[in-house]
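The values are calculated or read from the model by the stated rules, or taken from the named source; none is laboratory data. All figures in this text were calculated on a predicted structure; none of them were measured in a lab. Cβ coordinates were reconstructed from backbone atoms using ideal geometry, including for glycine residues, and neighbour counts include every protein chain displayed. SASA here: full protein model, heavy atoms, side chains in, ligands and nucleic acids out. Shrake-Rupley method; radii C 1.70, N 1.55, O 1.52, S 1.80 Å.
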Amino acid sequence: MKTLRTASSAILGSMLMLMWLLSGCIYDDRSQCPKRFLLQPYYKLHNKQEVDRFEREVHSLTVHVFDAADRYVCSIHNQGSRYRNGQLFPIDLEEGIYSFIVVGEGSSRSFEAGTYHANTPGYFVAGPVVGKTTLADFRVRLKKQGSADAVADPIDEFFFGRLTHQKIMIGDTEPHPVALTKDTKEVEIRFTGVLPTGATPYLYSDNARIDAANLRPADREAVRHAPYIPSAAFHPAPAAATASYHFHVMRLYDANHTLNLRLLMPDGSDAIPGFSEELIQRIMTSPRYRTQEALDREDYFLIEFKLSAAGTALSILVNGWEVIPVKPVV
């Protein structure tokens, strides 16, 4: 039977424990050493001074594990009352090659993992299946409420990270950093001007589902976001704004993606005939948001509309950048 090296005193025993923590293993036969992979998640934003904000915003972590053949092995969930920056998350697996999809959330669990299935309505089966689900057909989607395309707002925060084809070896104690992308965005729409009584803005997109690369798959899913009322202490609206509306939306993509703003009456008709704005291209008009990385590393977009009496957009500002110059009313 394989045994640990013995020590003749408690002090030496403590030293050996310290050696294990530093070197990872003190067995004579290293086959008994733990086969452990140490994940170290982090994430940063341009608009938050480039500091790691992992401990401030991530409150649960789920790691989906795939083997060398890209087939699903297991999911490991960790619910932390409070994480800390630089925290290590050990994953015990047999030696081999593995890929990891790392999903961070807030506390309300607004998302679910599953599998693409061509013969299922919606092309989605909840829950990845051991030995069957692959990286290619792995999905995470936003949970819906109410009508087929509606979600309850505000949705939870959502973070995505990925490490592919990592080798787990005996006694490996090196941390493996994984950068998280904050997919969820806060979009605030402000209108200066008179809106029709009863009008409500909605945002429409097709990004309610992502694949293992954090992209919209071919089986993309439509979503409609309704506005929610945030805490006035965190989002005070200026006195000049006629109305302010807040939305939590999923990841914005720099190519072939739309986020459409519409103003609707309670019966579903257009509040202002012909009023519709595609917001992603408006956002990318600003020099600050011309790339996918720039969109990913901003989590708040303030879009301000100045409307004429007829409901025409006279000017549009994105985080202070004027994308449509003010035009005289004629």
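Here are the numbers for the structure shown:
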| item | result |
| --- | --- |
| The lone exception for Phe305 - which of (1) in contact with a strand residue (DSSP E or B) (Cβ under 6 Å, 6 or more places away or on another chain); (2) open to solvent by 20 Å² or more (accessible area, probe 1.4 Å); (3) aromatic (Phe, Trp, Tyr) it fails | (2) |
| Contacts under 8 angstrom Cβ, first residue in the range 52-71 being at positive phi, partner at pLDDT 85 or above, 6 or more apart | Asp70/Ser99; Asp70/Thr134; Asp70/Leu135; Asp70/Ala136 |
| Condition check for Arg71: open to solvent by 70 Å² or more (accessible area, probe 1.4 Å) and modelled with pLDDT of 90 or more | yes |
| Test: residue in the range 171-181 that is in a strand (DSSP E or B), under 18 Å from His64 (Cβ atoms) and hydrophobic (A, V, I, L, M, F, W, C) | yes |
| Candidate set: the range 78-107, residues that are over 14 Å from Phe37 (Cβ atoms), touching a Pro at 6+ places or on another chain (Cβ under 9 Å) and in a loop (DSSP other than H, G, I, E, B); chosen: the one least open to solvent (accessible area, probe 1.4 Å) | Tyr83 |
| Of all residues making up the range 121-141, the number that are of a type outside the set (Gly, Ala, Ser), outside any helix (DSSP H, G or I) and exposed (fewer than 13 other Cβ atoms within 10 Å of the Cβ) | 2 |
| Single match in Gln145, Gln166 (criterion: in a strand (DSSP E or B) and either modelled with pLDDT under 85 or in contact with a Phe, Trp or Tyr (Cβ under 7 Å, 6 or more places away or on another chain) (or both)) | Gln166 |
| Residues that are touching a strand residue (DSSP E or B) at 6+ places or on another chain (Cβ under 8 Å), under 30 Å from Asp211 (Cβ atoms), of a type in the set (A, V, I, L, M, F, W, C) and modelled with pLDDT under 95, drawn from the range 229-275 | Phe247, Val249, Met250 |
| When residues of the range 194-234 are limited to those that are free of Cβ contacts under 8 Å to residues at least 40 places away in the same chain and under 30 Å from Arg71 (Cα atoms), the one surrounded by the fewest Cβ atoms within 10 Å (Cβ to Cβ) | Ala218 |
| Selection from the range 276-314 of residues that are assigned to a strand (DSSP E or B) and modelled with pLDDT of 90 or more | Ser276, Glu277, Glu278, Tyr300, Phe301, Leu302, Ile303, Glu304, Phe305, Lys306 |
